Amino acid sequence: MARKKRIDPFFTSFNSFATVIEGAAESYSELVRSFPSDSYKDLMSSISYAESQGDGYVKDITDRLVTSFSTPFDREDINDLVLAMDDILDYIEGAAMRLDLFNIHEMRDEAVRMSDLTLKGAHILRELIGMLPEFESGGDALREKCHELQRIEHDGDETYQKALYRLFHEDDGDADISEHVEHVTWLRLFDRMEYCLDAYDKVASVVRRIVIKNA
């Protein structure tokens with residue numbers, strides 16, 4: 001009877017980490033779509049819990065780097081990958097938290113679009129990380145999945161630019177001080193939401209580097 005192939009503990013941790021990110025992105029997308037609502041505290045709590053889980057995976061993986069005799073690929077790449085994944089969670093939590101901190105009363109369409117892209121990116125990320133054990137033999141498939149993830153970042157850039165254009169061109173020049181404050185508030189929020197999407201590009205770049213090194 002053939003033995004079942006053993007999965008390296010690093011890949012197991014990365015897979016679990018990707019699942020946590022996906023769950024946080026689901027809560028984030030729902031939070032943005034429903035904001036403001038009574039569900040904010042529960043969804044924010046779920047996101048914050050996911051972020052703390054992410055910190056646990058960072059510690060687990062980086063500690064294992066120190067104690068492991070061998071690793072599936074370069075230690076530097078493992079470290080870069082886990083930190084890039086952690087950035088996604090940090091930015092999701094930061095964006096979600098600022099909706100309440102900045103006392104947002106009405107959601108903008110572009111914010112919903114950017115949160116939906118964050119969720120779509122999380123689905124692709126989970127698939128990408130699930131394919132990572134085949135980094136030596138499945139390079140073509142991994143590169144294509146990286147390209148999908150980078151398209152999310154590209155779509156996010158386009159949405160961000162449209163959001164800023166509409167934000168600063170929608171008044172007739174007679175805006176009062178409160179409207180100017182709202183514009184600055186949304187500018188900061190859109191910046192934070194874009195950081196979530198930019199973080200996917202960083203993950204894709206690290207995985208592509210791993211594939212190239214081991215081609």
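The values are calculated or read from the model by the stated rules, or taken from the named source; none is laboratory data. Owing to the predicted nature of the structure, the values given are computational and were not obtained by experimental measurement. FYI the Cβ positions are ideal-geometry reconstructions off the backbone, even for glycines, and counts take in every protein chain you see.
Points worth noting:
- Some residue of the range 78-88 being closer than 16 Å to Lys213 by Cβ, surrounded by fewer than 19 Cβ atoms within 10 Å (Cβ to Cβ), acidic (Asp, Glu) and within 18 Å of the chain's Cα centre (by Cα): yes
- Any hit, the range 39-58, residues being under 29 Å from Glu134 (Cα atoms) and among the aliphatic types (A, V, I, L, M): yes
- The residues of the range 199-215 include none that are among the acidic types (Asp, Glu) and surrounded by fewer than 17 Cβ atoms within 10 Å (Cβ to Cβ).
- Which listed residue is touching a residue at least 24 places away in the same chain (Cβ under 8 Å), within 26 Å of Lys41 (Cβ to Cβ), among the acidic types (Asp, Glu) and touching a helix residue (DSSP H, G or I) at 6+ places or on another chain (Cβ under 8 Å), from Asp198, Asp116, Asp155: Asp116
- Residue count for the range 31-47, restricted to those that are of a type outside the set (A, V, I, L, M, F, W, C), over 13 Å from Leu99 (Cα atoms) and either in contact with a Ser or Thr (Cβ under 8 Å, 6 or more places away or on another chain) or touching a residue at least 60 places away in the same chain (Cβ under 8 Å) (or both): 1.
- Ile129 farther than 22 Å from Gln150 by Cβ, within 15 Å of the chain's Cα centre (by Cα) and among the hydrophobic types (A, V, I, L, M, F, W, C): no
- When the residues of the range 126-144 are filtered to those that are in contact (Cβ under 8 Å) with a residue 24 or more places away in the chain and in contact with an Asp or Glu (Cβ under 9 Å, 6 or more places away or on another chain), the one that is surrounded by the most Cβ atoms within 10 Å (Cβ to Cβ) is Leu128.
- Of the residues making up the range 9-28, those that are of a type outside the set (A, V, I, L, M) and more than 11 Å from Ile61 (Cβ to Cβ) number 7.
- Enumeration of residues in the range 123-152 that are over 13 Å from Ser205 (Cα atoms), among the charged types (D, E, K, R) and modelled with pLDDT under 95: Glu134, Glu136, Asp140
- Filtered residue count, the range 82-125, keeping only those that are in a loop (DSSP other than H, G, I, E, B) and touching an Asp or Glu at 6+ places or on another chain (Cβ under 7 Å): 0
- Screening Leu117 with (1) closer than 23 Å to Tyr57 by Cβ; (2) surrounded by 18 or more Cβ atoms within 10 Å (Cβ to Cβ) gives one miss only, at (1).
Residue-by-condition table, conditions (1) modelled with pLDDT under 95; (2) surrounded by 15 or more Cβ atoms within 10 Å (Cβ to Cβ):
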{"site": "Lys5", "(1), (2)": "yes, no"}
{"site": "Thr12", "(1), (2)": "yes, no"}
{"site": "Leu31", "(1), (2)": "no, yes"}
{"site": "Ser37", "(1), (2)": "yes, no"}
{"site": "Lys59", "(1), (2)": "no, no"}
{"site": "Thr67", "(1), (2)": "yes, no"}
{"site": "Pro72", "(1), (2)": "yes, yes"}
